[in-house]
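All of the numbers you see were taken from the coordinates with simple rules; none came from a lab. All values reported here derive from a predicted model rather than from experimental measurement. A quick note on method: Cβ atoms are made from the backbone with ideal geometry, for glycine too, and the neighbour counts reach across all protein chains shown.
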Amino acid sequence: MFRPSSGSSDDAGAMVDVHELVMELGGLAQKRQLVARGAQDFDLTRAVRRGEVTRARQGWYTTVEESEPRVRAVRVGGRLTGISAIADWGGWVLKDHPLQVSVPRNAARLRSQWNRRRPLGTRRGVRLHWDHVAVTEQGTNWHVSIVEALRRVVVDEELETAVAAIDWALHTGRIDAFDFEQLILTVPQHKRFIRSWVDGRCESLPESLARTRLRRRGHRVDIQVPVGAKRIDLVVNGTIGLEINGKQFHAHTFEEDHLKAIEITIAGFHAMSVSAKMVFTQWDIFLRGLDAALALHRRRAFGNSGDFAISERAGPKSRARPRRYSRIS
């Protein structure tokens, strides 16, 4: 973030603190907003020269680092939308994506995300969404509304990416059940099957990805299944008690983690553990282990054995409620 540098006693006077004004306006402000608060042209020029603020775009001033996605979107001439907005909010996003920018349908003088003096040109690394007034009038200077950002994710991204984004929004309270139903009504009919794939009880990105991937392979997956006073992250086909470890090794959790694995086994499950990194980069290896474990326990499994694939459009037949399991004989 840019910090105001101290000026000399000669020019301190009654100068307007442009940095403070921009900060009060959320880190981004239009010139007209600053002028309305008493700033004059020489105040703005002085603040830019001192590095107290920077011009994100002609007539726009910011205190945020120029490389930030939000600043780059404003430099283009719009606001963050879709997966770029979700990532900027700290949502569950696995990989890098082109900068998703919402611009008004009558937008002009679009610029490069890296240089406000250069026309947008080939748009490399930027995806524009020409939105109508109902979209442009909602949200903030930086972002479209969260429901609109999620709608864009559902429309544009692959299933596991969209499910993870909505899981995050529900789990963190960014949207509630009413917002979710509004979201479903805004997406095309052929995308509405996603309703049966999201779950606000999900607690992390690797859990969300693992659940979606397993269900797409035809497995039945229950999440946050209680075993005594603890919960299993995922139970696959009523047989595999799967823990997803998103943390590095810590000595103070060593005994607790091993005790939980024993308790999962006592409850009648085959205990397995997978790291977040393995979910992200070595999923095929994990699947080989899972298939081997299921083969060993196939006679003890109940319900869907996972031998058939589920259509994404149809979604799973139903989402079974988590239940408290006892030992399987």
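Once backbone amide H atoms are built at 1.01 Å from N, Ile232 has Val225, Val227 as its partners under 5 Å, excluding neighbours fewer than 5 places away on the same chain.
Amide H contacts for Ile240 (H built 1.01 Å from N in the peptide plane; partners 5 or more residues away or on another chain; cut-off under 5 Å): His270. Applying the Karplus relation 6.51 cos²θ - 1.76 cosθ + 1.60 with θ = phi - 60° to segment 131-148 yields 3J(HN,Hα) values of 9, 7, 5, 4, 7, 5, 8, 10, x, 10, 4, 8, 9, 6, 5, 5, 5, 5 Hz, where x marks Gly and Pro.
Here is the size of segment 103-262 from its Cα atoms: Rg then Dmax, 20.3, 63 Å. Model label sites at Arg231 and Gln189, defined 7 Å from Cα along the beta-carbon direction, differ in position by 3.7 nm. By its C-alpha gyration tensor, with a ≥ b ≥ c as the square roots of the eigenvalues, how is segment 54-108 shaped: rounded for a/c under 1.5, else prolate for a/b larger than b/c, else oblate? Oblate is the answer for segment 54-108, as a/c is 1.5 or above yet b/c matches or exceeds a/b. The label point for Ala134 and the one for Ile262, both projected 7 Å from the Cα toward the Cβ, are 5.9 nm apart. The magnitude of the dipole of segment 91-209, with charges of +1 and -1 set on the Cβ of Lys/Arg and Asp/Glu and taken from the Cα centre, is near 1020 debye. Treating r as the C-beta distance of Ile285 and Glu181 and R0 as 41 Å, the FRET efficiency rounds to 0.60.
Selection among Gln113, Thr136, Leu150 by position relative to the dipole of segment 105-150 gives Gln113 as farthest towards the positive end (Cβ unit charges, Cα centre). Rounded to the nearest whole angstrom, the semi-axes of the ellipsoid equivalent to segment 136-196, taken from the Cα gyration tensor as √(5λ), stand at 17, 13, 12, largest first. Which residues does the label zone of Arg49 cover in segment 19-35, counting backbone N under 17 Å from a point 7 Å along Cα→Cβ? Correct set: 19. Put simply, when 16-27, 229-240, 36-47 are sorted by average Cβ atoms within 10 angstrom per residue, most first, you get 229-240, 16-27, 36-47.
What translational diffusion coefficient, to the nearest whole µm²/s, does segment 17-150 have by Stokes-Einstein, given a Kirkwood radius computed over alpha-carbon pairs, a temperature of 10 °C and 1.306 mPa s viscosity?
104 µm²/s
Segment Arg201..Gln40, full-extension length gain: 52.9 nm, with 0.36 nm per residue of separation and the alpha-carbon distance subtracted.
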